[in-house]
1. Taking the conditions exactly as written (assigned by TED's automatic domain parsing to the domain that holds His54, basic (Lys, Arg), closer than 25 Å to Asn38 by Cβ and surrounded by fewer than 19 Cβ atoms within 10 Å (Cβ to Cβ)), does Arg116 satisfy them or not?
2. Can you give me the ranges of the helices (runs of 4 or more DSSP H) entirely in the stretch 258-373 with at least 3 residues that are touching a Leu at 6+ places or on another chain (Cβ under 9 Å)?
3. Select, from Ile255, Ile266, Ile276, the only residue that is free of Cβ contacts under 8 Å to residues at least 60 places away in the same chain and surrounded by fewer than 16 Cβ atoms within 10 Å (Cβ to Cβ).
4. Please tell me if Thr348 is without any contact (Cβ under 8 Å) to a residue 12 or more places away in the chain, farther than 25 Å from Gln169 by Cα and not assigned by TED's automatic domain parsing to the domain that holds Thr140.
5. Check off (1) surrounded by fewer than 20 Cβ atoms within 10 Å (Cβ to Cβ); (2) of a type outside the set (Ser, Thr, Tyr); (3) closer than 18 Å to Glu330 by Cβ for Pro188 and give me the number that stays unchecked.
6. Within the stretch 295-315, identify whether any single residue is in the same structural domain as Pro214 (by TED's automatic domain parsing), acidic (Asp, Glu) and farther than 17 Å from Ile222 by Cβ, and answer yes or no.
7. Which of the residues spanning the stretch 24-71 are within 21 Å of Glu304 (Cβ to Cβ), assigned to a loop (DSSP other than H, G, I, E, B) and among the aromatic types (Phe, Trp, Tyr)?
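The values are calculated or read from the model by the stated rules, or taken from the named source; none is laboratory data. All figures in this text were calculated on a predicted structure; none of them were measured in a lab. Here the Cβ positions follow ideal geometry from the backbone for every residue, glycine too, while neighbour counts run over all protein chains shown.
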Amino acid sequence: MKQSELTRRLLSYVTMVEGMRIGIDARPLSKQRTGIGNYVQGLVELLPEVAPQHDYFLYSNKEINSRFPEGRYRRRFDQQFSWCPGAFWLLARGGRLARRDAVDVYWATQAVLPTRMPAGILKIVTVYDLVWLRCPETSTSYNLLVQRMCARKAIADADYIVVISRTTQDELIERLGVPREKTRLVYPGVADSYKPQDQAKAAEYISRKYSVPPRYMATVGIVHPRKNQQFLVKVLGILKNNGQLNCPLLVVGPIGWKNSPLFQEIQTAGLTESDIRFLGYIPDEDMPFFYGGAQVFLFPTLYEGFGLPPVEAMACGCPVIASDSPCMPEVLADAAILEPLENIERFTTSVLRVLADGRLREALRAKGILRAQKFRYATSVKQLLEVFEGAGRTNVGITRLESARDFQCNMKW
């Protein structure tokens with residue numbers, strides 16, 4: 001067979017290829033999920049429904065704690081290295097696994113790219129925020145080490161960077177000099193289970209199951225400095241001192257790090273379990289009731305890349321009061337009350353207004369439900385696939401043509 005004829009047939013084969021082999025860093029799915037894990041879960045579970053023609057490979061050195069239908073994904077659980085910290089495992093082993101599976105696209109769901117990645121793989125990196133630059137003091141030493149070691153290089157080496165807000169996109173451009181055309185915006189979505197609740201029934205369910213009063217305020221997030229629960233303790237202290245604290249604050253989320261000052265502040269403010277309760281991690285199926293049963297949702301974060309909990313709360317019909325910190329105005333718009341953290345009195349006054357004013361609660365409820373509808377995983381997954389497929393199609397063709405030519409060269413004629 002002549003060289004030109006063989007090349008023509010190889011090119012024809014490449015043109016006909018429709019499916020891609022997509023490798024995914026599935027480490028965020030291997031533990032109790034918080035913000036990043038929920039984002040990855042929401043997208044991964046929809047990928048094969050929207051684009052069944054592709055093959056999806058899930059890489060982790062820990063057992064994946066998500067129920068995905070068998071046959072839609074190829075799990076690559078690297079069990080022999082389960083003892084290794086996830087980022088270091090990925091750096092050492094991820095490239096080998098991607099090469100073995102001959103993936104066309106590799107999606108780094110965190111800003112860590114494996115070393116020795118095969119040439120020709122399209123590298124997509126998701127960047128959620130720049131905490132390691134903006135608020136390093138709020139991170140654990142391990143997270144800060146990993147981010148400083150890996151994030152800049154992953155951002156530089158990526159073919160495309162997926163961001164979850166325009167705020168993060170602008171920060172990448174301004175602080176790290178990333179070209180705008182290298183970034184793609186894919187907002188997080190709200191799962192379909194988060195929908196308007198009957199407030200009284202939801203509150204009663206939470207009250208019975210968790211032995212708490214049916215009238216409560218809510219907040220959600222890992223208990224650590226950036227989520228700023230200490231600010232809420234001060235708000236509760238003001239309300240209690242004024243005799244205006246008539247319902248407790250319930251805190252959902254795992255206990256994180258650097259929180260000793262928070263618990264000292266609780267003691268200093270004279271607060272008891274009747275005033276603030278830490279419920280820890282509660283099952284996903286209870287979260288819509290937790291949000292929907294609350295009188296108000298409070299979110300005084302110092303900094304977010306997006307901030308999913310207040311959007312979930314709004315989807316369930318709960319009024320939201322949040323800080324005006326980066327990203328909150330972009331995400332929540334006028335559907336929530338946004339207050340500056342420099343003015344704790346204003347924040348406290350807003351809490352009192354929402355608790356006392358039924359019309360205000362209904363107005364915020366209606367606006368919140370409408371706003372939350374703008375963030376749906378059905379939309380997000382299509383945007384993500386556009387990144388994979390738009391850039392990946394040409395990349396796949398080139399990579400597979402090169403592989404076919406290599407095969408041709410090694411054949412004995």
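1. Details: assigned by TED's automatic domain parsing to the domain that holds His54: yes; basic (Lys, Arg): yes; closer than 25 Å to Asn38 by Cβ: no; surrounded by fewer than 19 Cβ atoms within 10 Å (Cβ to Cβ): yes.
In short, no.
2. Helices (runs of 4 or more DSSP H) meeting the threshold: 308-315, 328-332, 344-356, 358-372.
3. Ile255
4. Numbers: without any contact (Cβ under 8 Å) to a residue 12 or more places away in the chain: no; farther than 25 Å from Gln169 by Cα: yes; not assigned by TED's automatic domain parsing to the domain that holds Thr140: yes.
When the stated conditions are applied, Thr348 does not pass them.
5. (1)
6. No, every residue in the stretch 295-315 fails to be in the same structural domain as Pro214 (by TED's automatic domain parsing), acidic (Asp, Glu) and farther than 17 Å from Ile222 by Cβ.
7. None; the set is empty.
Results for (1) on the phi < 0 side of the Ramachandran plot; (2) hydrophobic (A, V, I, L, M, F, W, C); (3) in contact (Cβ under 8 Å) with a residue 24 or more places away in the chain, shown as yes or no for each residue.
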{"site": "Val311", "(1), (2), (3)": "yes, yes, yes"}
{"site": "Gly317", "(1), (2), (3)": "no, no, yes"}
{"site": "Met328", "(1), (2), (3)": "yes, yes, yes"}
{"site": "Gly368", "(1), (2), (3)": "yes, no, yes"}
